[in-house]
Amino acid sequence: MWGDIAIAFLLACITSFVVTPYSIKLARKVDAVDMPKDERRINSKPMPRLGGIAIVSGFLVSMAYLLAVMSIEGTIDLFGQEQYGIKMIGLLCGIIVLAITCFIDDSRDLPPPTKLAGQLIAAIIVIYSGIRIENLNLPFLNEIGLNYPVSIITTLGWIIGITNAINLIDGLDGLSSGIGIISCLSLLIIFSLNYSPLIAILLVTALAGALIGFLPFNFNPAKTFMGDTGSNFLGFLLAIISILGIAKTYTVMVIIAPLIVLALPIFDTLWAIIRRVITGKSIKAIVMPDKGHLHHRLMAKGYSQKQSVLILYAISATFGMFAVILLDSGIWKALSFALMVVAVVAIGSKNLFKLKEEGEKMYKCSVCGYEYNPEETGIAFEDLPNDWVCPVCGVGKDKFVNQTII
């Protein structure tokens, strides 16, 4: 098994790493570029946003090779009782539908209802291939079997919810890809401890490899964004892998574990829905973007992109470790771990908030207000050539004022 896991990881990682530069070139050709056209945008320069193609490619190449080889060897029975072959064909068709929808959105900006329609079609294809939440085991109750309509509605809600949760948190360089890696590693440990189906372990390993291969191009200062193609694929796959991973054991701890692992994007999404409904006083306001996400709030407090991302990585990793300890050692050890984390954060809060107090040098154009952030470009303002001009209004370096965000 471990040889298969190593191959799944390495093949996905290498493929993703090799394909990413080509996805950047493709993004520029089809005009799939994120422009800093409003205050919500964190990037200060045009950024290619088709990196998701590399992630999808790495995952598909890895899984296609492994499933073919393992099927020939007899390591996995794709058309046995579990019908994994049909489920994988359904998953592939769902990925294709979602990828086409999101590719068009990254290139031409589709309206939210159209994007949701693409997500629903992809999820329904997967559900009808046999990937469903069929049973629940709640505390103090026997296992509850879900009837067919309830099973479909529950599964559909889970897939669409997680898909959009990952999509909404994709707001800073390397944020979604890093949290995705942490979630994959946490789920891999949980699946291994729980003796989950091999197919789920291979899928989550391949996804982790594809994300790690992409991360060097996406971490601050980013060379490309994963775009909706990447963020939707990531959420879609995490949701489905979670279902496959708990398919054999519907104990309450195993069901709760994926919820805890994905707690950060889930909380951010639920709070965004509540916030937008209250602010907009309408259900329609849910699809209206704002600057109230966790990463926006951290940057508003004065943290840089990189600092904000690392803080959210730490929170996500804490949730992942809590879920692993909960499943392996029980509720009391998990709570003990949580209390230790709270104590460490409380004791070390002065050092944590010192990141903000140290501030970050910024250079603001006195003519148009454009801000040059060396943290994003990796080039100090002083090192810019003398003939460098403001990308917005065209004035020279002498019109920029040094300032510090506190």
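Rounded, prolate or oblate: which fits the range 12-136, taking a ≥ b ≥ c as square roots of the Cα gyration tensor eigenvalues, rounded meaning a/c under 1.5, else prolate when a/b beats b/c?
Details: a/c = 3.17, a/b = 1.63, b/c = 1.94.
Since a/c reaches 1.5 but b/c is at least a/b, the shape of the range 12-136 is classed as oblate.
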Protection proxy ranking, peptides 265-271, 181-187, 101-107, average beta carbon neighbours within 10 Å, highest first: 181-187, 101-107, 265-271
Residues Ser23, Ser196, sorted so that the one with the fewest Cβ neighbours within 10 Å comes first: Ser196, Ser23
R0 of 25 Å, Cβ-Cβ distance Val342-Leu193: FRET efficiency to nearest 0.05: 0.50
Given Lys45/Lys399; Lys306/Lys333; Lys45/Lys306; Lys306/Lys364, the pairs whose alpha carbons are separated by over 24 Å: Lys306/Lys333
Distance histogram in 10 Å bins (all Cα pairs of the range 2-350, percent per bin): 5, 24, 35, 25, 9, 1
Peptide ranges 71-81, 169-179 listed from the most packed, as the mean C-beta count within 10 angstrom indicates: 169-179, 71-81
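Go ahead and run the numbers for FRET between Ile121 and Val30, Cβ-Cβ distance against an R0 of 22 Å, rounding to 0.05.
Computed FRET efficiency for Ile121 and Val30 comes out at 0.45.
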Computed FRET value (nearest 0.05) for Ile273 with Ala314, which takes r as the C-beta separation and R₀ as 22 Å: 0.30
Sorted by Cβ density within 10 Å, fewest first, the residues Arg28, Arg276: Arg28, Arg276
Filtered chymotrypsin sites (Phe, Trp or Tyr not before Pro), the range 147-219: DSSP coil and at most 13 other beta carbons within 10 Å: Tyr195
Relative contact order computed over the range 2-350 (Cα-Cα under 8 Å; 6+ residues apart), in percent: 23 percent
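Laboratory data are not the source of any read-out in this text; all were calculated from the coordinates shown. Since this is a predicted model, take the numbers as computed values, not measurements. Cβ atoms come from the backbone with ideal geometry, glycine included; neighbour counts cover every protein chain shown.
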